[in-house]
Amino acid sequence: MAHVTETGLDASRRLRRAIESVLAGRSAASLLPSVARMTEEYRSGGVPSAPVLAGRNDVAAYAACRMPATFAATWSALRQVRLSLASPGPSSVVDLGAGTGAASWAAVDVFGSRVVTLLEQQEVAIDLGRSLAAESGSDALASATWRTWRLASSGAAIPAAGMAVASYLLGELDPHGRADLVACAARAAPLVVLVDAGTPAGFSRILAARALLVELGMAVVAPCPHDAPCPLDGAGDWCHFSTRLERSSLHRRLKGAELAYEDEKFSFVAAARGLDLDRPAARVVRHPWIRKGMVTLSLCAAGGDVRDEVVSKRQGAQYRGARDVSWGASWPEQRAADGDRATTA
Ligand SMILES: C[S@@+](CC[C@H](N)C(=O)[O-])C[C@H]1O[C@@H](n2cnc3c(N)ncnc32)[C@H](O)[C@@H]1O
């Protein structure tokens, strides 16, 4: 999958600057207990019994440590969604379990969405998300509507939009909550995008959500180039992608990390109703294996199967394309006709 540091650079740097500005004056030491608690909670793999983003320090720690990564993952997923849509991208978005707004930042950058509604259960997250949006330099984010919302008690009360997105929310819900989320999102929008951790557990949640979306009559937009059962299900493997993002110095200090970047692994599914699709022939589902004069691509193909394709130097342009294509891209690689940014309805 394309690195955000290569293609969504402006937005990821604007987000980083906004986080630095809003968190200015907060020491790493004051945030470390929240980082430790959050890390333990997310690593436990269980459904949290109480909100993880409970107080102001938790939300600040989340913005410094996790939001750049959830933004990068959602940005990368939405970019592939955009390439697989023949219809114009959504001009409005509803962001479910929005936290501090990462998915909306990605939607505005990838699709140029102008009307943004963010639904989140924790007011402390909304407060910080609003402050970040005010620093975004984006009218759509600065004028976005934020609402306190809790899935369990909200019934169908989700405003209609061109796209419903939920990033890293499925893992905080029990199986009933996940099914409710999918149903609510599918009622609210003709395009639903769900992003989760790129772990076997995250993938299994995405797989279950994908099955529900197909049952509801939606067509898979990405990453699968087909609506058939996932060929990786039960194969001891999981479909996930990776995106590289820069770490700020606060981010490095909070993680006790030396590297100036990290790789975020994620799984996702996008499904649509009544939209024209331009699904690729196949998607690259692993790092291409490059040897002298030969590239092996592991592909999930439109026929619903996963297979290896060997492209040799004798194949000229196809070989050059295979050398350049990255994990997560379509194959043959699709490019946006309008450059790297999407146009909207
Ligand atoms: C891991 S955070 C993800 C935040 C944001 N979407 C992102 O990608 O950075 C999960 C968010 O979902 C919210 N959440 C969890 N359960 C929820 C529920 N039942 N209803 C509404 N929001 C919920 C949490 O408060 C938290 O902000």
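The values are calculated or read from the model by the stated rules, or taken from the named source; none is laboratory data. None of these values were measured; they are calculated from a predicted model. Virtual Cβ from ideal backbone geometry, glycine too; neighbours counted across all protein chains shown. Accessible surface is based on the protein model in full, side chains and every heavy atom, while ligands, DNA and RNA are left aside. Shrake-Rupley method; radii C 1.70, N 1.55, O 1.52, S 1.80 Å.
Structure data summary
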item	result
The range 282-331 - charge dipole about Cα centre, Lys and Arg +1 at Cβ, Asp and Glu -1, debye rounded to 20	280 debye
Calculated FRET value between ARG244 and ALA29, using beta carbons and R₀ = 22 Å, to 0.05	0.20
Principal axis dimensions, largest first and in whole angstrom, of the chain by Cα	58, 45, 39
Value in Å of the Kirkwood radius, where the range 1-119 supplies the Cα pairs that are averaged	15.5 Å
Interchain or long-range residues, amide H under 5 Å from LEU299's placed H	VAL285, ARG307, ASP308, GLU309
Accessible surface, the range 4-272, averaged per residue in Å² (probe 1.4 Å)	38 Å²
The chain: relative contact order as a whole-number percent, Cα under 8 Å and 6+ apart	20 percent
TYR168 long-range amide H proximity, modeled H, under 5 Å	VAL195, ASP196
Cβ crowding within 10 Å averaged over residues, with 63-71, 126-134 ranked highest first	63-71, 126-134
Mean ellipticity per residue at 222 nm, deg cm²/dmol - from DSSP H runs of n ≥ 4 across the chain, formula -39500 (n - 2.57)	-12000 deg cm²/dmol
Reach of LYS292 by Cα under 18 Å, taken over aspartates and glutamates that are not fewer than 8 positions away in the same chain	ASP308, GLU309, ASP324
1.4 Å probe accessible area per residue over the range 282-331, in Å²	53 Å²
Among 302-311, 160-169, the order from most to least packed when residues are scored by Cβ within 10 Å on average	160-169, 302-311
Aspartates and glutamates whose Cα lies under 20 Å from that of LYS255, excluding same-chain neighbours fewer than 8 positions away	GLU20, GLU40, GLU41, ASP58, GLU246, ASP263, GLU264
Antiparallel bridge percentage (DSSP; both residues within the chain; nearest 5)	65 percent
Percent accessible area from carbon and sulfur atoms, the range 221-345, protein chains only, probe 1.4 Å	50 percent
Accessible carbon and sulfur surface of the range 51-96 relative to its total accessible area, %, 1.4 Å	50 percent
Bins of 10 Å, starting at 0 and running to the largest distance - Cα pair percent for the range 151-249	14, 46, 30, 10, 1
